[in-house]
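K.L.:
So that we are looking at the same thing, I have put the structure below in structure tokens.
Just so it is clear, none of the values below were taken in a lab; they were calculated from the coordinates. In this text the structure is predicted, and so the values were computed from the model without any measurement. Neighbour counts run over all protein chains shown; Cβ positions are idealised from the backbone, glycine included.
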Amino acid sequence: MTKRRVKRAPPKVWAGVALIVVALALLPFVAALAGQAWVRILNFAMIYTMLALGLNIVVGFAGLLDLGYIAFYAVGAYVYALLASPHFGIHLPFWVILPLGAGLACIFGVLLGAPTLKLRGDYLAIVTLGFGEIIRIFLNNLNAPVNITNGPQGINLIDPFRIGSFSLARAGPVLGIDFSGPQKYYYVLLLLTICVIVINIRLQNSRLGRAWEAIREDEVAAKAMGINTRNVKLLAFAMGASFGGIAGAIFSATQQFVSPESFGLFESIIVLAMVVLGGMGNIPGVILGAVMLTLLPEVLRYTMEPLQLALFGRVLLDAETVRLLVFGIALVAIMLYRPAGLWPSAVRKRELETPKVVAE
Amino acid sequence: MEILLQQIINGLTLGSVYALVALGYTMVYGIIGLINFAHGEVVMIGAMVSLSVVTALLGAQLPLPTAVIILVGLFVAILVCITIAYSMEKIAYRPLRKAPRLAPLITAIGMSIILQNAALVVWGRNYRTFPPIIHPTPHELLGATMTDLQMFIVVLAAILMAALLFVVQRTRLGMAMRATAQNPQVAGLMGIDINVVISAAFVIGAALAAVAGLMVMTYYGIAHYYMGFLLGLKAFTAAVLGGIGNLAGAMLGGILLGIIEALGAGYIGDVSNICGFPWLSDSLREQCAASDNQVSMFGSNYQDVFAFFVLILVLIFRPSGLLGERVSERA
Amino acid sequence: MSTLSLLAAKGISKRFGGVHALSDVSFTINHGEIYGLIGPNGAGKTSLFNVLTGIYTADDGNFIFDGEPLDRVKPNEVAERGIARTFQNIRLFQNLSALENVMIGRHVRTKAGVFGAMFRDKNTLAEEAAIEKRAYELLGYVGVAKRANDLAKHLAYGDQRRLEIARALATEPKLLALDEPAAGMNATETQGLKRLLEEIRRDGITILLIEHDMKLVMSVCDRVLVLDYGRKIAEGSAAEVQNDPKVIAAYLGSEVSLNLKG
């Protein structure tokens, strides 16, 4: 990303920011008018934004194609589930588990990344895919003879975020205003998401971020310029995984239920699609991609069945199938017609649309 | 010992199927460097289509022998699979031939999702069973059993593989394919129509996939819209194991992977038996006592993990595969 | 000689299958000189670069750089030790700006890590400012300051070559290894390059230069090494090498003899 020096932001920018802040603050109440489900959907959009930004570090900044990213989400989710539910009878508070989840996911990131350092594009993709599947299979089967993960049934009754007696899952008044459970989560998530966004922006505009982009552009030249590509790549995996782990822990708490089903290859692909759709490496684009890919399917779900009923008198395709078909077609179509994503950074757009003229 | 032989026989059968599917992956990767993610789905469609045709023919109660019914089913399946593969290549992959690696990979994933869900729409969510028209007779073989269905699968696969090798080594099309795999630009300059060659690779792969689909259908008796994913991934592992881009490698890799999986699934229970350990919890001790001291940490439900482990190990330690060439990179 | 020599190579050999890219090559480069490396195509010049900078491992022989052995060293460690290179086929970070390319060159001499990046403490901010400042300076030094915010991909060919040099200089090398920097340049550009090389030498950096442009080599190099088929066939001052019959034979073929005395 080309840095632009802005010494003093003009007042117009501040006004715009203020507007956005107000809009975001009021959003959950507007959404609640259509039903609490929509507030939950907003919350999901934010969780996925965190996930997509994490993957963006690996795929977008460093150019490492990771098809098994959901494994880190799973690690975070299960760590939370195991440490804050009746399953083992442990009930640690969320502010203890979140760093633990992030930390463990980080370790997994390094473990999964380490063997892949010498691999080229496609092979890296397949190996990471394999890792993701292995984790899912273990989660699904570690219920006998020793029950660790409770297998396909998953773990439920997971504790929500709680401080003393103030629980985020229950509706209740705060400072005199009534908030529903999802609405309370909304603000916490908003804060966390903003933190994640800021951290990502800082990472991109740093010595480390530049090192990642150097590796993506030309690994041989990056090494020649003194970059320790092994460590830098591992850092990409580690950072990406950490964000995934945090998102996973939050997912666990808001859903209050986890099962291996939510962590398959398909989910990995959805997150990848968010990054690709939004424009790899481009933070605003990735946020847009995440929000779109969370909201659109829900919109489809609410409109497809009534629409089919109106048009055909019966439902030919259930909402889930429609959603998936549209998703698959969208992937193909975007790659054919807008490969740089819907809102690409100028960088990626040039890279993907003009044929490379490197005399190699 | 009988278990060993039995597992090897089972593995050989499964491996033959893997080999047929792996050939599709390796041909396409060898020529255009694309991992055709959607290939597993083509196998699934082959299985489903043949199932539908066979069921329909049986329903029509025509006085045809079983073999003919199955052959008709196979024939239709091959036609459908070829059409799908050809269209996929033309619509989704050909325009992206010059694009950076990520684009065709994502497109392939997209196609895989489309095919899966199209199958879901057509054939529904439930497991579909193959009508009980085949009654495999078991034969004794050194203490283990091999049914004639298993023998048939192994032999048919071998014949098809031999035929493919013949085509690739002895015909003009085969030579064109080998040339294009080596250097597409120069092959084009020498008058080879790259598009025909690439389409041929997809078409041949799809035909083999259809046969593999029917084999899986008859062997396991069930088909499901999601079966292509795992099968495809394992077949790809087989192709990589043998050396991607190498036909003999795909065959060897397929058979080897089948045997590894079968042996693994067969023995993992024994290997991970924890009843021998001194430090067991009470509930575990109970379980051991109740099951004749056979409580395994990992059972055959971990079977799929073997393929992935093989894949990862091969790609890390010997990325060129068993029969592949070692390519050194000149800066 | 040990105090004068910056780089001493002894018996370097490298094979690729049956091809002997380098056979028993030995030479010394002294502090502060511009050392040329010439030879017909395929002579092993870039291979020598690649062995020196850790991209390949030599099958035989060793290097001593600045008094310390330089063996089995990874490319990024080579840069750390003080050898920076450019590439025959220009390997810039195409989709990053010229400024960012040079800033990446500063990576090896700076240290902010992931925590510095996230928390932006005082030291990190100061380091970032210094990196940017130095990058601008280097862009000016090689003469592409005006293109600082343009993508490397969009620079004119000659500017790209200069940018690559600026990026290499950003690593604060003791030895700057340039692989055909004048390739594709016209006479004026080559003159400009010559001035740049001389200025770099004046600033105390030793230069190892692969080149085909003989005029440039002869006018700017203090000493020259000539390779042919992976073997050293001559080493000496530019004038000595120019008149060496073995060198002439290598370039023109042994049937041709130059009757220089008229």
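K.L.:
Show me B:57-69, C:6-18, B:309-321 ranked by packing, highest mean number of other Cβ atoms within 10 Å first.
P.N.:
Numbers: B:57-69: 11.5, C:6-18: 16.7, B:309-321: 18.7.
For the peptides B:57-69, C:6-18, B:309-321, the packing ranking is B:309-321, C:6-18, B:57-69.
K.L.:
Still on this structure, I have one more. Read phi for every residue in region C:39-45 and hand back ³J(HN,Hα) as whole Hz from Karplus 6.51 cos²θ - 1.76 cosθ + 1.60, θ = phi - 60°, with x for Gly and Pro.
P.N.:
x, x, 4, x, 6, x, 5
K.L.:
To check you understand DSSP bridge types, tell me what percent of the beta bridges within the protein assembly as shown (both residues inside) are antiparallel, rounded to 5.
P.N.:
Values: 38 of 54 bridges.
Bridges in the protein assembly as shown are about 70 percent antiparallel.
K.L.:
Suppose every Lys and Arg Cβ carries +1 and every Asp and Glu Cβ carries -1, with no other charges. What dipole size does region B:81-212 come out with about its Cα centre, to the nearest 20 debye? Display every interim value, and only then the final one.
P.N.:
Details: 10 positive and 4 negative charges, 119 e Å.
Dipole of region B:81-212, to the nearest 20 debye: 580 debye.
K.L.:
While we're here: Let me know the Kirkwood hydrodynamic radius for chain B, please, with Cα pairs as the basis and the value in Å to one decimal.
P.N.:
21.2
K.L.:
Which residue, chosen from C:ALA250, C:ILE34, A:LEU324, occupies the Cα position most advanced towards the positive end of the dipole of the protein assembly as shown, where the dipole is computed from +1 (Lys, Arg) and -1 (Asp, Glu) charges on Cβ about the Cα centre?
P.N.:
About the Cα centre, the residue reaching furthest to the positive side is C:ILE34.
K.L.:
Find the centroid of the Cα atoms in region A:56-103 and in region C:118-132, then give the distance between the two in whole Å.
P.N.:
30
K.L.:
Further, regarding this structure: Quickly rank C:158-170, C:86-98, B:152-164 as a protection proxy: mean count of other C-beta atoms within 10 Å, highest first. Before the final figure, lay out each step's value.
P.N.:
Working: C:158-170: 24.8, C:86-98: 22.8, B:152-164: 17.2.
Output ranking for C:158-170, C:86-98, B:152-164: C:158-170, C:86-98, B:152-164.
K.L.:
Right, here's the next one. Which residue, B:THR171, B:THR129, B:THR107, tops the fluctuation ranking in a GNM of chain B built on C-alpha contacts under 10 Å?
P.N.:
Fluctuation is largest for B:THR171.
K.L.:
Using DSSP to define loop residues, name the chymotrypsin sites (Phe, Trp or Tyr not before Pro) in region B:82-138 whose beta-carbon has at most 15 other beta-carbon atoms within 10 Å. Walk me through the numbers before you get to the answer.
P.N.:
Values: sites: B:TYR86, B:TYR93, B:TRP123, B:TYR127; in loops: B:TYR127.
For chymotrypsin sites (Phe, Trp or Tyr not before Pro) across region B:82-138 that sit outside H, G, I, E and B with at most 15 neighbouring Cβ atoms in 10 Å, the list reads B:TYR127.
K.L.:
A:ILE148's amide H: which non-local residues (gap 5+, or another chain) put their own amide H closer than 5 Å, with H modeled 1.01 Å from N in plane and none for Pro or chain starts?
P.N.:
Long-range HN contacts for A:ILE148: A:ASN143.
K.L.:
Something else: Expected output is a single nm value to one decimal: the length gained when fully extending between A:LEU191 and A:ARG170, i.e. 0.36 nm times separation in residues minus the C-alpha distance. What is it? Present the calculation step by step, with values, prior to reporting the outcome.
P.N.:
Details: separation 21, 0.36 × 21 = 7.56 nm, distance 1.93 nm.
So the chain would gain 5.6 nm between A:LEU191 and A:ARG170.
K.L.:
From the residues B:ASN117, A:LEU277, B:GLY249, which one has its Cα farthest along the dipole of the protein assembly as shown in the positive direction, the dipole being from +1 and -1 charges on Cβ of Lys/Arg and Asp/Glu about the Cα centre?
P.N.:
A:LEU277
K.L.:
Can you sort C:ASP59, B:ASP270 by how many other beta carbons sit within 10 Å, fewest first?
P.N.:
B:ASP270, C:ASP59
K.L.:
Per residue of B:115-123, count partner chain C-beta atoms within 10 Å of its C-beta, then hand back the mean as an integer. Walk me through the numbers on the way to the answer.
P.N.:
Details: counts 1, 5, 11, 4, 0, 6, 6, 0, 0.
For this peptide, the per-residue mean of nearby foreign Cβ atoms is 4.
K.L.:
What percent does the relative contact order of chain C come to when contacts are Cα pairs within less than 8 Å and at least six residues apart? Let's see the in-between values first.
P.N.:
Values: 466 pairs, mean separation 69.2, N = 262.
Dividing the mean separation by the residue count of chain C yields 26 percent.
K.L.:
To continue, here is another question. Under DSSP H, which helices of chain A have Cα atoms covering 18 Å or more of the helix axis and a Kyte-Doolittle average no less than 0.5?
P.N.:
Values: long enough: A:11-34 (34 Å, 2.15); A:36-55 (29 Å, 1.28); A:70-83 (20 Å, 1.87); A:94-113 (27 Å, 2.20); A:121-141 (30 Å, 0.92); A:181-204 (34 Å, 1.11); A:229-255 (38 Å, 0.81); A:265-278 (20 Å, 2.49); A:283-312 (41 Å, 1.30); A:319-337 (26 Å, 1.92).
Helices meeting the criterion: A:11-34, A:36-55, A:70-83, A:94-113, A:121-141, A:181-204, A:229-255, A:265-278, A:283-312, A:319-337.
K.L.:
Can you give the charge dipole size of region C:10-121 about its Cα centre, rounded to the nearest 20 debye, using +1 on the beta carbon of Lys and Arg and -1 on the beta carbon of Asp and Glu?
P.N.:
280
K.L.:
Partner chain Cβ atoms within 10 Å, averaged over the residues of A:258-265 - can you pull that number for me?
P.N.:
Working: counts 0, 0, 0, 0, 0, 0, 1, 5.
Mean inter-chain Cβ contacts per residue within 10 Å come to 1.
K.L.:
Report the antiparallel proportion of the DSSP beta bridges in chain C as a percent, rounded to a multiple of 5. Mind showing how you got there, number by number?
P.N.:
Values: 22 of 38 bridges.
Antiparallel bridges make up about 60 percent of those DSSP assigns within chain C.
K.L.:
Is there a quick way to get the dipole size of the protein assembly as shown? I mean about its Cα centre, with the Cβ of Lys and Arg at +1 and of Asp and Glu at -1; what is the value in debye to the nearest 20?
P.N.:
Numbers: 76 positive and 65 negative charges, 513 e Å.
Computed about the Cα centre, the dipole is about 2460 debye.
K.L.:
Which trypsin sites (Lys or Arg not before Pro) from region B:103-190 combine a DSSP loop assignment with at most 15 other Cβ atoms within 10 Å? It would help to have the intermediate numbers written out before the result.
P.N.:
Working: sites: B:ARG125, B:ARG128, B:ARG170, B:ARG172, B:ARG178; in loops: B:ARG125.
Passing both the DSSP loop test and the Cβ count: B:ARG125.
K.L.:
Counting other beta carbons within 10 Å of each Cβ, put C:PHE119, B:PHE229 in order, fewest first. Can you show the working numbers first?
P.N.:
Numbers: C:PHE119 10, B:PHE229 20.
Ascending Cβ contact count within 10 Å gives the list C:PHE119, B:PHE229.
K.L.:
Which one of C:SER5, B:MET151, B:ASN195 has its Cα pushed farthest toward the positive end of the charge dipole of the protein assembly as shown, where Lys and Arg give +1 and Asp and Glu give -1 at the Cβ?
P.N.:
C:SER5
K.L.:
Going by amide H atoms built from the backbone, whose H comes under 5 Å of the H on C:LEU227, apart from near neighbours?
P.N.:
So C:LEU227 has HN proximity to C:ILE38, C:GLY39, C:ILE233.
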